[in-house]
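Report on the following structure.
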Amino acid sequence: MLGKIIDINLSDASVNFHDGRTINIDIYQLPAGVRVGDTVNIQTGSMRMVNYNSAHLF
């Protein structure tokens, strides 16, 4: 699925897909050298989706 990188840091990137979903992806699952604004093709069915919620930490 095609998506655009809307934010990136040292550990992960936020990717906004054309269907309106936005997910955080581990930076190591993206091609080397990607930057904010780049379009990437992500196979969402093969990714392990994990929801890190700060409420579960306390």
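Derivation of every value follows stated rules applied to the coordinates shown; laboratory data play no part. All values reported here derive from a predicted model rather than from experimental measurement. Ideal geometry is used to build each Cβ from the backbone, glycine not excepted, and the neighbour counts take in all protein chains shown.
Across segment 7-22, coupling constants 3J(HN,Hα) worked out from phi with the 6.51/-1.76/1.60 Karplus curve, θ = phi - 60°, read 7, 8, 9, 5, 10, 8, 9, 8, 10, 9, 8, 5, 8, x, 6, 10 Hz, and Gly and Pro carry x. Take 21-27, 37-43 and order them by the average number of nearby Cβ atoms within 10 Å per residue, most first; the result is 21-27, 37-43.
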